[in-house]
Amino acid sequence: MTDLQDRFRRHLREGGLFPGGGTALLAVSGGTDSVAMLDLLVGTAAEHDLALVVGHVDHGIRPDSHEVADRVRVLAEQCGLRCEVVRVSLDATASETEARRERYRALRRLQAEVGARYLVTAHHADDQIETVLFRVLRGSGVAGLAGIAAVGAAGLTRPLLPFHREEIGAWVTQRGLTVDTDPSNHDQRHDRSWVRTVLLPELRARFGPDVDEHLLGVATDADRNRRAWSLALMAAPGLVISHDSRGIEVARAPLREYHNMLSQTLLRACAREVGCRVGAGQAVRLHDFATTAQSGKRMDLGSGWRAELAFDRLRIVQMPEREGPPSACRIQGNCGEARFGGWEVRWRIAPAGTIRRRGSVTWFPRGAFVVRSWQPGDRLVPFGGVGSRKVRRVLMEARVPRPDRATYPVIERDGEVVWVPGLCRAAGALPTAGAPAHELEVVEGTRSADADTTTRVDE
């Protein structure tokens with residue numbers, strides 16, 4: 001069975017699954033597949049500069065779940081690895097979908113807590129076969145038939161996909177590893193278990209053992225189709241405006257120019273780029289929304305996603321778990337830093353530079369400030385301008401989408417708005433050039449999902 005270890009090592013190297021190394025959180029349930037994955041990665045981690053951390057989710061569904069968690073801890077200790085156990089509140093009535101959703105939520109939180117670049121799961125070739133068949137039965141589109149991807153969003157990695165259940169089990173037996181057997185894997189009340197234990201054996205008996213390879217071939221062909229549409233997005237002139245971890249922005253004009261069927265397919269491809277699944281019927285409705293609705297309108301896409309219209313752009317974004325503006329925070333002291341929603345705020349005492357109307361850095365006479373959201377009635381007199389302007393109008397003319405305006409930072413001093421970072425500096429509160437002043441820098445950046453505002457101040 002050293003052949004499996006050699007093929008696993010070659011697969012990691014040739015597939016480039018862990019580029020640049022880093023911390024990898026291994027999702028270990030205690031079952032055969034995840035224990036084999038742990039054992040194989042322990043033997044290859046140094047070659048890929050990986051620091052391994054074991055993560056276990058105790059669903060609370062089985063009465064002996066705490067015992068399984070204890071065995072995973074012992075296994076991790078034997079490997080010299082840190083182990084983190086997360087408990088979620090489910091019971092025996094939880095469905096497969098509920099358990100899977102809560103498991104991934106818990107693992108993603110744990111990934112953030114340990115600072116892991118990768119989240120590694122033990123899906124293998126037989127999981128792929130079952131997934132493709134299950135999606136066929138559920139009426140999935142072509143892209144869905146691509147099944148499980150070897151690499152997903154936010155470092156999700158599945159290094160066992162080329163390998164089958166039988167050879168993985170043989171590896172565990174040869175190595176003498178202790179594993180847990182989950183009865184739910186053979187409970188035919190669960191759809192996937194029924195596919196695994198009833199439908200697939202019937203299909204193999206009827207059509208021969210080539211059924212497995214045929215289903216894997218469907219996944220390969222569908223994956224090529226999905227990749228081709230991703231390439232088509234780049235080839236479509238001016239369609240995709242921006243694409244990042246928060247979502248994707250698409251120009252509305254090309255969608256009106258292309259044939260409806262092409263535009264609908266491109267919209268589905270755009271949604272897939274950020275992890276949003278749009279079905280065929282929903283694509284028709286999304287296309288109609290994108291080409292005819294007014295700016296500021298929203299459309300719920302389900303599963304935490306929505307489409308928004310902002311002037312000549314369509315945005316497909318993931319809705320935050322908590323809506324509403326971040327809490328205001330106070331800027332004081334000689335230097336420090338804070339986070340306001342998705343924005344980073346830094347300040348220090350420095351010689352005052354050249355004041356400009358726009359930009360992410362400006363200077364004020366020394367004092368205290370408040371970072372907060374826009375409020376109705378907010379106005380300021382722009383630097384170099386004449387007369388006061390509504391902050392709402394400043395945000396609108398800068399084409400800040402309506403849903404983002406409540407979370408856009410506004411700087412207040414002595415009860416007056418003095419700066420809308422990046423968009424408009426007020427004419428008041430000007431420091432003497434070169435004199436010691438408060439230098440403020442406000443830039444868009446990442447933040448923790450568990451806190452709206454964090455502050456660090458050095459006097």
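The values are calculated or read from the model by the stated rules, or taken from the named source; none is laboratory data. Here the structure is a predicted model, which means the values were calculated and not measured. Methodologically, a virtual Cβ is constructed for each residue, glycine included, from the backbone with ideal geometry; neighbour enumeration extends over all protein chains shown. Just so you know, the surface numbers come from the protein's heavy atoms only, side chains and all, with ligands and any DNA or RNA stripped out. Shrake-Rupley method; radii C 1.70, N 1.55, O 1.52, S 1.80 Å.
Kindly provide the set of residues from segment 285-318 that are more than 12 Å from residue 252 (Cα to Cα), open to solvent by 60 Å² or more (accessible area, probe 1.4 Å) and either without any contact (Cβ under 8 Å) to a residue 24 or more places away in the chain or basic (Lys, Arg) (or both), ordered by number. Within segment 285-318, 285, 297, 298, 300 qualify. For segment 80-104, name all the residues that are open to solvent by 60 Å² or more (accessible area, probe 1.4 Å), of a type outside the set (A, V, I, L, M, F, W, C) and touching a residue at least 12 places away in the same chain (Cβ under 8 Å). 82, 87, 89, 91, 103, listed by residue number. Within segment 45-64, which residues are at negative phi and not in a strand (DSSP E or B)? If the condition is that a residue be at negative phi and not in a strand (DSSP E or B), then 45, 46, 47, 48, 59, 61, 62, 63, 64 are the ones that fit. When you check residue 204 against the structure, is it more than 25 Å from residue 444 (Cβ to Cβ), part of a helix (DSSP H, G or I), charged (D, E, K, R) and open to solvent by 40 Å² or more (accessible area, probe 1.4 Å), yes or no? Here the answer is yes, as residue 204 does meet what is asked.
Does residue 108 satisfy the condition of being surrounded by fewer than 19 Cβ atoms within 10 Å (Cβ to Cβ), under 21 Å from the mean Cα position of the chain (by Cα) and at pLDDT 90 or above? Criteria met by residue 108.
Take the residues of segment 146-158 that are crowded, with 16+ Cβ neighbours inside 10 Å and touching a Ser or Thr at 6+ places or on another chain (Cβ under 9 Å): which is nearest to residue 265 (Cα to Cα)? Checking each candidate, the answer is 146.
Among the candidates 425, 393, the residue that is surrounded by 18 or more Cβ atoms within 10 Å (Cβ to Cβ), of a type in the set (Lys, Arg) and more than 18 Å from residue 246 (Cβ to Cβ) is uniquely 425. Does segment 41-55 include one or more residues that are open to solvent by 50 Å² or more (accessible area, probe 1.4 Å), β-branched (Val, Ile, Thr) and in contact (Cβ under 8 Å) with a residue 24 or more places away in the chain? Checked segment 41-55: at least one residue is open to solvent by 50 Å² or more (accessible area, probe 1.4 Å), β-branched (Val, Ile, Thr) and in contact (Cβ under 8 Å) with a residue 24 or more places away in the chain.
Comparison of 124, 190 shows that the only residue that is over 22 Å from the mean Cα position of the chain (by Cα), surrounded by 14 or more Cβ atoms within 10 Å (Cβ to Cβ) and modelled with pLDDT of 95 or more is 124.
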